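**Student:** There's a structure below that I have some questions on.
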Amino acid sequence: MKRGNFSYHRCDFIHRLSDHGCFDQIFYPSPSFSPTRNDDLSNRTSEDVDPIQMRPQRVHLKIRPNLPYSVHIQFKQTLDYPVDLYYLMDLSKSMEDDKEKLAQLGNQLAINMRKITSNFRLGFGSFVDKVVMPYVSTVREKLDEPCSGCAAPYGFRNHMKLDTDSSDFVQKVAETQISGNLDAPEGGFDAIMQAIVCKNEIGWREKSRKMLVFSTDSGFHYAGDGKLGGIIKPNDGECHLDRSGLYTESTTQDYPSISQINHKVKEHHVNLIFAVTANQVDIYRQLAEGGNPLIEGSTAGRLENDSSNVVELIQEEYLKITSAVELKDNATDNVKITYYSSCLNQKKEETKICRGLRVGDTVTFEAKIEVTSCPRNPNEWNQTIQIYPVGLNDALIIDLEMICDCDCEKSWNEQINSPYCEHRGTHECGICSCYGNFYGRRCECDAKDANPAEEEQSCIRGNDTKVCSGRGACRCGECECYKREQPEEVTGKFCECDNFSCDRYDGKVCSGPDHGKCECGTCICNDDWTGTDCSCKKSNEDCIDPRTNKECNGRGKCVCGQCVCEPKDDEQYTGQYCEDCPTCKSLCEAYKECVQCRIHQSGPLDEEACNQCNINPIGTSEFEVGDGEQLCVFIDDDDCKFQFKYRYDDKDDSIYVIAQNTKDCPEPVDVLAIVIGVIVGIVLIGLALLLIWKLLTTIHDRREFAKFEKERMMAKWDTGENPIFKQATTTFKNPTYGGKQ
């Protein structure tokens, strides 16, 4: 934001303010914050005074865009805070045993809740469904009595206004009759809407914890389902109860949508508790749970089939609701509010919810408020924002004033017929608003006498064919360069210069501001850098090997702070300091033959060649490799292993070779012992095979003999006679023969 009289160069870029002396002409509005109501938090609820659970209650905040301001908010749950609990029950036939159990447990519910708060009231309502087909049977007999002993169906009925008399609650529940319908989903959303919006009929108090317990064993109808019964009129979200507490628009208005229920829950600060049976609890949890629930401030719990756990469920869900505080707001799209808190002495983090609270605990939230952009309509520069805890009627009201214009833009700061504008326009915030045919920065140009061709030609540089180099507009014969997003800019008489078209390194113009800057397409490097893109270091410190203290080890040149190794014959050095040579013959190979002939009197070198070796290895019997020493191991002609080591001495710039005097030779092979061992082994294996064969044969013979003995014992004839043997003669006897002739 700027004001004052400006010359040709306006203060439109931050880095040019100092050059053009604009600091004293900057309008820099600072935020202002003032509480208009900041009453102390209440310790206990009183009948005479409304409890205060948030502090402050109202503030005035004046801020400018993109400059956040933090407001600290305290929350404390007051002791004996009023609780209004309205029990909304599905009274279709399947809930008959649940109604009887609720009638039995009504007093216990009141007793348990009064242990939490003495300021407790209880109410009761019921629902079935819309009395049209296909939700209920429209046959006359079924309308009067849909099931045996059932009452006529209805949409929603308020049986008992919120009251402290729990015995009346028990009586009302016991007197209410069960009804019936046809389809499985019920008209519960109609009942929820009426129970929330009918504030006077239900008896909701302004300052209370409003709890609506929704009990059912079925699903729900929602917006659009009414078309099945010919109902097309949308739900209007208004109260429609007659004197008897009956919902009168059940057959004329559609079911409410989930978003309508959520809107009314937030508007009236109601905590909705879904107490549903196991087969439905997952469906209702989709409405109540998750990071962004469909119905704000709602929870879902599992109800036993006969509602025997209703008291424990309500008490548990109540404690779950009251042990946490979650802040919400109604800020518009132009305002961003971010919440931070350390909750109960924990680490401060970005969060809008604190859990594990008890009555009397105080938590502090930091609300960082930021205007992201100014609304187009100036009437929206003043807004009223509410920050409120979910389910409670307390709130912090913020009267927000956005600073979206400068003082110089006010009508009383305009200079009509300004001399700065040649008396041809109004001077406002350093800009001339010209009259009539006049134009230009100071209204110095007259369109009536202007020659467009000449003006355009004066904006063309040399042989260029583009006006203002294609990066600006010709205004009154002068180039006005196009503005770009900071820090990029286009400058020059013909907009021929810029600070972003220079060479880049690693994606940065002139390798970044630490290396250089771009001026009119050329990099101007800082003292320590050079090169077209300022990426090259002038010093060679990164090229000196710390081990040898030599630049690139004498095997290359330092270019841009890096070693460029030079090839030599068949040697090609690499590495940061040209210290490695993958293609070079290693020193181990170079010293091998000399060590063989000098220490072990072996190898391919003869005596003359051995005397010409450029090293004189030192022999030693104690051989250990230390730091900075390179080990070399080879196999000699006699298959013996010999080893030596070498090291580089920085002091005298020489290499020392130390070799082990002895070689490690493998032990000779005893051929005779091997032959004898093989023969003995073969003999032993043969004997073992014979023994095995003998053993197997003996076992087989014994098995056969045992088998023969068994068969002989089982024979049916005498073993002393042959049953197929017959005598050679045959004797016949005459029975009538008397013995005489």
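**Student:** With both bridge residues required to lie in the chain, what share of the DSSP beta bridges run antiparallel, to the nearest 5%?
**Tutor:** 70 percent
**Student:** How much length is gained if the chain between ASP449 and ASP282 is pulled fully straight, taking 0.36 nm per residue apart and subtracting their Cα-Cα distance, in nm to one decimal?
**Tutor:** 52.1 nm
**Student:** If I model region 587-660 as equal point scatterers sitting on the Cα atoms and use the Debye formula, what is log10 I(q)/I(0) at q = 0.13, 0.14, 0.24 Å⁻¹?
**Tutor:** Summing over Cα pairs of region 587-660 leads to -0.36, -0.42, -1.15.
**Student:** Provide the descending list of Cα extents for region 83-308 along its principal axes, expressed in whole angstroms.
**Tutor:** The Cα atoms of region 83-308 stretch 49, 39, 36 Å along their principal axes.
**Student:** Any aspartates and glutamates with Cα under 13 Å of the LYS233 Cα? List them, leaving off those in the same chain fewer than 8 positions away.
**Tutor:** In chain and number order, the partners are ASP225, GLU249, ASP254.
**Student:** In whole Å, what are the Cα extents of the chain along the three principal axes, biggest one first?
**Tutor:** So the extents along the principal axes, rounded to whole Å, are 157, 136, 59.
**Student:** Something else now. Over all directions, the average projected area of the alpha-carbon convex hull for region 616-705 comes to how many nm²?
**Tutor:** Quarter of the Cα hull surface area: 11.5 nm².
**Student:** Rg (Å, one decimal) plus Dmax (Å, integer) for the alpha carbons of region 120-207?
**Tutor:** Here Rg and the maximum Cα pair distance are 14.6, 46 Å.
**Student:** Okay, moving on. First select every other residue whose beta carbon is under 13 angstrom from the beta carbon of TYR69; then total the charges, Lys and Arg +1, Asp and Glu -1.
**Tutor:** Net charge in that neighbourhood comes out at +1.
**Student:** Also: For TRP529, TRP412, what's the fewest-to-most ordering of other Cβ within 10 Å of each Cβ?
**Tutor:** TRP412, TRP529
**Student:** A further question on this structure: Cross-link partners among lysines for LYS199, C-alpha distance below 22 Å, same-chain residues fewer than 8 apart left out?
**Tutor:** Here the lysines satisfying the reach criterion relative to LYS199 are LYS161, LYS172, LYS207, LYS210, LYS264, LYS266.
**Student:** Number of Lys-Lys pairs in region 75-124 under 30 Å by Cα, sequence gap 8 or more or different chains?
**Tutor:** Total qualifying Lys-Lys pairs in region 75-124 comes to 4.
**Student:** Among the lysines, which have Cα under 29 Å from the Cα of LYS663 when same-chain residues fewer than 8 positions away are ignored?
**Tutor:** Candidates past the 8-residue exclusion: LYS585, LYS592, LYS641, LYS645.
**Student:** Something else now. Among DSSP beta bridges whose residues both lie in region 83-308, state the antiparallel percentage, nearest 5.
**Tutor:** Taking every DSSP beta bridge with both residues in region 83-308, the antiparallel ones total about 20 percent.
**Student:** What's the Kirkwood radius of region 541-688 in Å, using all Cα pairs?
**Tutor:** Final number for the Kirkwood radius of region 541-688 is 19.1 Å.
**Student:** Could you sort the peptides 313-323, 615-625 by per-residue average Cβ neighbour count (10 Å cutoff), highest mean leading?
**Tutor:** Top of the packing list down: 313-323, 615-625.
**Student:** Report the Rg/Rh value for region 418-498, based on alpha-carbon coordinates and the Kirkwood definition of Rh.
**Tutor:** My calculation puts Rg/Rh at 1.03.
**Student:** Within region 53-97, what residues put their amide N at less than 17 Å from the label point 7 Å along the Cα-to-Cβ vector of ASP40?
**Tutor:** 53-57, 74-79
**Student:** While we're on this one: Arranged by the count of other C-beta atoms within 10 angstrom, fewest first, what order do ASP254, ASP361, ASP627 take?
**Tutor:** ASP627, ASP361, ASP254
**Student:** May I ask you to sort LYS172, LYS161 by Cβ crowding, counting other Cβ atoms within 10 Å and putting the fewest first?
**Tutor:** Ordered from fewest to most neighbouring Cβ atoms within 10 Å, LYS172, LYS161 come out as LYS161, LYS172.
**Student:** Sticking with this structure for a sec: Mind jotting down the distance between the C-alpha centroids of region 522-590 and region 193-215, whole Å?
**Tutor:** That distance is 82 Å.
**Student:** Figure the gain on full extension for TRP693 and GLU304 (residue separation times 0.36 nm, minus the Cα-Cα span) and round it to one decimal in nm.
**Tutor:** On the way: separation 389, 0.36 × 389 = 140.04 nm, distance 8.12 nm.
Net length gain for the segment: 131.9 nm.
**Student:** OK, next. Students often check this: by mean Cβ neighbours within 10 Å, which of 353-360, 293-300 ranks highest, and how do the rest follow?
**Tutor:** On the way: 353-360: 14.1, 293-300: 20.8.
Per-residue mean Cβ counts within 10 Å order the peptides as 293-300, 353-360.
**Student:** Also, quick follow-up: Under 12 Å from the Cβ of GLN612, count the other residues' Cβ atoms, weight Lys and Arg +1, Asp and Glu -1, and hand me the total.
**Tutor:** Numbers: positive: ARG598; negative: GLU593, ASP606, GLU607, GLU608.
Here the charged neighbours net out to -3.
**Student:** For region 348-385 and region 446-508, write down the distance between their C-alpha centroids in whole Å.
**Tutor:** 47 Å
**Student:** In whole Å, what three semi-axes, largest first, describe the equivalent ellipsoid of region 472-556 built from its Cα gyration tensor (square root of 5 times each eigenvalue)?
**Tutor:** Values for region 472-556, descending: 40, 10, 8 Å.
**Student:** What translational diffusion coefficient, to the nearest whole µm²/s, does region 174-221 have by Stokes-Einstein, given a Kirkwood radius computed over alpha-carbon pairs, a temperature of 4 °C and 1.567 mPa s viscosity?
**Tutor:** 101 µm²/s
**Student:** Another question, then. Going highest first, how would you order 202-208, 271-277, 607-613 by mean Cβ packing within 10 Å?
**Tutor:** 271-277, 202-208, 607-613
**Student:** So if R0 is 60 Å, what FRET efficiency would ASP701 and ASN661 give, r being the distance between their Cβ atoms, rounded to the nearest 0.05?
**Tutor:** With a Förster radius of 60 Å, E is 0.25.
**Student:** What is the spin-label model distance, in nm, from ASN345 to GLU267 if the labels are put 7 Å beyond Cα along the C-beta direction?
**Tutor:** 4.4 nm
Computed from the coordinates by the stated procedures, all read-outs in this text should not be read as laboratory data. Because the structure is a prediction, the values reported are computed rather than measured. Note: ideal-geometry Cβ built from the backbone for every residue, glycine included; neighbour counts use all protein chains shown.
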